[in-house]
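Please treat every number below as a calculation from the coordinates, not as lab data. Small disclaimer: the values here were computed from a predicted structure and weren't measured. Note that each Cβ is placed from the backbone with ideal geometry, even for glycine, and that neighbours are counted across all protein chains shown.
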Amino acid sequence: MRILSQNPVADTSSVLYRRCVIDLATGTSTQNDVPCKNLEDVLGGFGRSYQILAERRISEAYCPENPLILNIGILTGSTVMTGLRSYFSSYSPLKHSKKGLPSAMWSAGSGNFGNKLKWSGVDEVIFENRSEVPVYAVFSEGENGANVELKSATHLLGLTSHEKIMALQKEYTDAHFAVIGPAGENFNNVYMGAVVLSTDNQLKSGEGKSRFAGRGGMGSMMGYKNLIAIVARSSDKMGKITPDMRDVNRDVIKNGGSARFQPVSQGGHGGTWANIDVLQAFHAVPENNFRPKGDEDVAGLFRGNVEKDFDIQSEACFRCGIRCHNNLFHRNADGSRGALAAKFDFEPLILFGSNIGINNGRQVTELIHLCDSLGMDAISLGTTISYLLEYNARHPEQPLCDGVGFGQFDKIRDLIVQTGRGNLCAVGRGVMRLSEQTGETSYAMHVKGLELPAYLPETNPAYAFAIAGGHMSMGTHMYLAKEGKTGLDDWVEVITRQGLLQVGYDMIGLCKFVGVGMGHELIPRAISEATGLKVSSEEIVAAVRRAYLRGLALELRQGYEDDEYTLPAQVFENPNPKVTLPAFVTPEFFAQMKQKVWAVFKPEMKGLLP
Amino acid sequence: MQITVKLYGSLCIGRFNSALCEYPDHCTVLTIVKSLGIPSEYLIRLRNGSHVQFDEVVQDGDTISLLPMLDGG
């Protein structure tokens with residue numbers, strides 16, 4: 001990125017980012033410095049990539065004209081703590097409107113890959129068309145931007161995501177990697193393939209401690225393009241930490257927002273795993289396809305119980321002091337620490353645990369590990385499986401997939417393997433398509449074609465306005481549990497003022513676990529210290545808001561109708577009395593909420609698309 | 001007056017899960033939080049199962065539940 005002026009708002013074109021366009025069909029590439037059109041371009045991530053997607057009319061995801069865009073945020077590769085993010089954007093093979101048009105999507109991941117990509121000399125890569133043969137792309141730092149090569153990836157085919165990363169590391173010792181697993185390779189039958197990103201910890205330990213850009217099937221898009229891996233090579237170019245930057249990073253660690261995710265031993269609450277304790281207090285932990293039973297079965301997944309079987313180590317992404325990872329290690333017979341079992345976060349823990357009827361920590365770790373190795377999105381896979389299990393419970397006389405049921409670990413494990421290897425498209429293409437095939441859509445837990453994360457839809461009507469994943473693009477999933485608010489105006493306010501701003505983290509290159517709102521003074525301070533650019537909180541908030549609304553406008557352009565902005569019908573038709581949080585999401589409430597939200601959003605959406 | 005205090009997640013560490021505690025009449029939720037040495041920010045507070053503000057006065061026999069305020073990811 002070249003910065004010619006410190007005031008990017010007055011003259012956005014004075015900030016230029018380095019774009020590389022690779023034509024996978026011909027193997028050629030071009031690079032140029034692109035002046036920013038607006039502050040969204042300057043901040044980066046999906047704020048920039050969605051403007052590129054908006055310029056194209058795409059009617060099916062798997063077509064040569066659908067680009068795969070890899071980019072970073074303005075703080076990726078800086079000395080700001082958590083500034084590691086890389087973003088993958090495209091029209092999604094998974095998320096689509098009922099008209100059949102694919103929705104634009106992005107997915108974000110940490111690891112050290114984004115840093116290396118930036119340091120190699122590019123800020124953005126657009127992969128055009130598709131390669132006839134399996135290839136991987138190598139970016140190496142050069143004198144004028146990055147050197148780019150495409151190489152045969154035949155030797156990587158069939159390997160798990162971790163195996164691919166370790167194989168590539170043998171050849172490129174100065175690099176980090178973005179790869180797909182077998183799921184992405186089998187893109188025709190798996191639309192939920194993830195991009196798997198290497199971490200320093202993984203490369204040093206040889207253990208499968210990857211990070212994932214999972215949502216929306218960006219790994220499947222890589223597979224369609226026959227792009228099996230991306231290698232980013234460079235020396236480490238982390239700048240010197242100035243005293244002011246040290247203060248920024250201290251505030252990242254010390255602010256109460258991030259402290260929540262820190263290890264218990266550090267005075268935090270132990271990562272997102274702790275959500276299970278909180279939500280169980282309301283009997284709001286998803287069980288058996290988002291249908292809490294009102295009992296204490298999920299206690300088997302509480303940290304205190306899992307600790308009896310595993311060594312738990314709090315670990316971190318590269319240079320991050322938040323240390324939110326809870327890595328579970330097996331115990332050897334002599335009591336010493338054994339091999340890595342899995343990383344426990346709330347989403348995979350619940351979606352491969354209580355939500356499919358499994359409350360045994362050992363079994364859950366195995367399923368998480370399988371999903372990660374095969375390179376699938378844990379949320380989409382877990383939520384599609386839970387639907388299948390419920391369908392079978394309702395139809396014992398004519399079940400699907402060998403009659404697999406809730407809690408049947410061995411059969412579920414086989415289901416995951418078959419899905420990841422491309423042998424089970426019923427699951428691999430997601431819950432919306434599966435439920436349309438069975439004709440039973442009311443308990444298919446998706447909104448607008450994207451599977452729900454592990455927060456009950458009856459506690460979050462704002463899922464309807466999430467544009468790229470229920471909890472990643474609308475920060476309201478814990479609002480009811482946290483605030484207890486059920487008023488119409490409360491929800492309209494939180495959606496239209498605060499919730500949407502969550503997507504700002506997917507522009508600037510920082511992790512959401514920094515834990516402050518986009519309007520917090522820490523954000524402009526971090527940008528100023530890292531780049532010299534002077535941007536106010538108000539200007540950042542306005543840019544994030546425009547980027548979100550552009551995404552919403554793009555959904556409408558891709559054919560989404562008003563009735564698709566809804567929740568699974570079961571929420572309205574059959575409320576669950578076991579949940580002790582207030583039941584307030586009635587059809588009337590929801591209709592009024594939508595009307596008021598659209599009344600705020602629609603006037604602002606005018607003119608945001610070309 | 002006697003208040004049942006329930007703690008969840010990491011708040012239990014070094015404290016308790018549930019305890020019957022003695023507090024002066026007309027005390028508030030914040031009084032209880034402070035008495036336990038729990039930081040008051042990022043805290044979910046329930047009185048008899050319903051969300052309450054810190055300045056709410058509690059009554060003899062109430063159950064006050066305190067939960068860490070987390071988020072997803």
- So for R0 = 41 Å, FRET eff. of A:Glu436-A:Glu55 from the Cβ-Cβ r, to 0.05, ends up at 0.85
- Fewest to most Cβ atoms within 10 Å: A:Cys324, A:Cys20, B:Cys27 sort as B:Cys27, A:Cys20, A:Cys324
- Message: Just to confirm a number: summing +1 for Lys and Arg and -1 for Asp and Glu over residues other than A:Cys63 whose beta-carbon lies under 12 angstrom from that of A:Cys63, what do you get?
- Response: +1
- Task: Once you have a ≥ b ≥ c as the square roots of the Cα gyration tensor eigenvalues for chain A, tell me rounded if a/c is under 1.5, and otherwise prolate or oblate according to whether a/b is larger than b/c.
- Result: rounded
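Quantify how strongly other chains surround peptide B:6-18 by giving the mean number of their Cβ atoms within 10 Å of each of its Cβ atoms. Before the final figure, lay out each step's value.
Numbers: counts 1, 1, 7, 14, 10, 3, 2, 5, 0, 0, 0, 0, 0.
That works out to 3 on average.
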- Query: Using +1 on the beta carbon of Lys and Arg, -1 on that of Asp and Glu, and nothing else charged, what's the dipole of the range B:2-68 about the Cα centre, debye to 20?
  - Reply: 280
- In debye to the nearest 20, the charge dipole size for the range A:2-233, taken about the Cα centre with +1 at each Lys and Arg Cβ and -1 at each Asp and Glu Cβ, equals 580
- Query: Among the lysines, which have Cα under 18 Å from the Cα of A:Lys170 when same-chain residues fewer than 8 positions away are ignored?
  - Reply: A:Lys116, A:Lys151, A:Lys204, A:Lys209
- Task: With a point put 7 Å past each Cα toward its Cβ, work out how far A:Ser205 is from A:Glu604 in nm, to one decimal.
- Result: 4.1
- Taking R0 as 41 Å, what's the FRET efficiency between B:Thr28 and A:Lys308 from their Cβ-Cβ distance, rounded to 0.05? 0.60
- Query: Mind checking the log10 I(q)/I(0) for the range A:236-356 at q = 0.18 Å⁻¹? Debye, one equal scatterer per Cα, no solvent, two decimals.
  - Reply: -0.98
- Task: Pick out, from B:Gly14, B:Gln59, B:Gly49, the residue whose Cα sits farthest towards the positive end of the charge dipole of the range B:2-68, with +1 on the Cβ of Lys and Arg and -1 on the Cβ of Asp and Glu.
- Result: B:Gly14
- For the charge dipole of chain A, defined by +1 on Lys and Arg C-beta atoms and -1 on Asp and Glu C-beta atoms about the Cα centroid, which residue among A:Val252, A:Ser314, A:Asn201 has the Cα displaced farthest towards the positive pole? A:Val252
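What percent do you get for the relative contact order of chain A when only Cα pairs under 8 Å and 6+ apart count?
On the way: 1427 pairs, mean separation 100.3, N = 610.
Relative contact order comes out at 16 percent.
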- Item | Signed unit charges on C-beta, dipole axis of chain A, positive-most listed residue A:Ile74, A:Ile385, A:Leu549 | A:Ile74
- Message: To make sure I understand the rule: partners must be lysines, Cα under 21 Å from the Cα of A:Lys37, and not fewer than 8 residues away in the same chain. Which ones qualify?
- Response: A:Lys118, A:Lys534, A:Lys606
- Message: What are the ³J(HN,Hα) couplings of the range A:222-234, residue after residue, when phi is run through the Karplus curve with 6.51, -1.76, 1.60 and θ = phi - 60°? Round to Hz, x for glycine and proline.
- Response: 4, x, 4, 7, 6, 9, 7, 7, 10, 10, 10, 10, 5
- Task: Please turn the phi angles of the range A:184-191 into ³J(HN,Hα) values with the Karplus equation 6.51 cos²θ - 1.76 cosθ + 1.60 (θ = phi - 60°), one per residue in order, whole Hz, x for glycine and proline.
- Result: x, 4, 9, 4, 5, 10, 10, 9
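Gain in length, A:Asn147 to A:Asn188, computed as 0.36 nm per residue apart minus the alpha-carbon separation, to one decimal in nm? Walk me through the numbers before you get to the answer.
On the way: separation 41, 0.36 × 41 = 14.76 nm, distance 3.16 nm.
Going from the current span to full extension adds 11.6 nm.
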- Find the cysteines in chain A that fail to meet the 4.7 Å Cβ criterion with every other cysteine, and list them. A:Cys20, A:Cys36, A:Cys63, A:Cys324, A:Cys371, A:Cys401, A:Cys425, A:Cys511
- Note on the structure: For the range A:89-101, in residue order, the Karplus 3J(HN,Hα) values (coefficients 6.51, -1.76, 1.60; θ = phi - 60°; whole Hz; Gly and Pro = x) are 10, 5, 7, 7, x, 9, 8, 8, 7, 5, 6, x, 8
- Item | For the range A:199-270: relative contact order, % (alpha-carbon pairs under 8 angstrom, 6 or more apart) | 11
- Task: Enumerate the amide H contacts of A:Thr566 below 5 Å, restricted to partners 5 or more residues apart or on another chain; note that Pro and chain-start residues carry no placed amide H.
- Result: A:Lys448
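Per residue of A:201-210, how many C-beta atoms from partner chains lie within 10 Å of its own C-beta, taken as a mean? Display every interim value, and only then the final one.
Numbers: counts 0, 0, 0, 0, 0, 0, 0, 0, 0, 0.
Counting Cβ atoms of other protein chains within 10 Å of each residue's Cβ and averaging gives 0.
How big is the dipole moment of the protein assembly as shown about its Cα centre under a simple scheme where the beta carbon of each Lys and Arg is +1, that of each Asp and Glu is -1, and everything else is neutral? Debye, nearest 20, please. Working shown, then result.
Working: 66 positive and 74 negative charges, 218 e Å.
That gives the protein assembly as shown a dipole magnitude of about 1040 debye.
Could you give me D for the range A:65-134, from Stokes-Einstein at 25 °C and 0.890 mPa s, where the hydrodynamic radius is the Kirkwood radius over C-alpha pairs? Units µm² s⁻¹, please. Mind showing how you got there, number by number?
On the way: Rh = 13.4 Å.
Value of D from the Cα-based Kirkwood radius: 183 µm²/s.
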- Compute the signed sum of charges (Lys and Arg +1, Asp and Glu -1) over the other residues within less than 14 Å, Cβ to Cβ, of B:Asn48. 0
- Neighbour-count order for A:Phe88, A:Phe127, A:Phe409, fewest beta carbons within 10 angstrom listed first: A:Phe409, A:Phe127, A:Phe88
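What does the charge count around A:Leu4 come to, taking other residues whose C-beta lies under 11 Å from its C-beta (Lys +1, Arg +1, Asp -1, Glu -1)? All intermediate terms of the calculation are to be shown ahead of the outcome.
Details: positive: A:Arg2; negative: A:Asp11, A:Asp33.
Local charge sum for A:Leu4: -1.
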- For A:Ser13 and A:Asp174, what does the FRET efficiency come to when R0 = 41 Å and r is the distance between their Cβ atoms, rounded to the nearest 0.05? 0.75
- Note on the structure: Dividing the alpha-carbon radius of gyration of the range B:2-68 by 2.2 N^0.38 Å, where N counts its residues, gives 0.97
- Note on the structure: Taking A:Glu588, A:Glu163, A:Glu124 and counting other beta carbon atoms within 10 angstrom, the fewest-first order is A:Glu588, A:Glu163, A:Glu124
- Note on the structure: Per its Cα gyration tensor (rounded if a/c is under 1.5, else prolate when a/b beats b/c, else oblate), the range A:2-233 is best filed as oblate
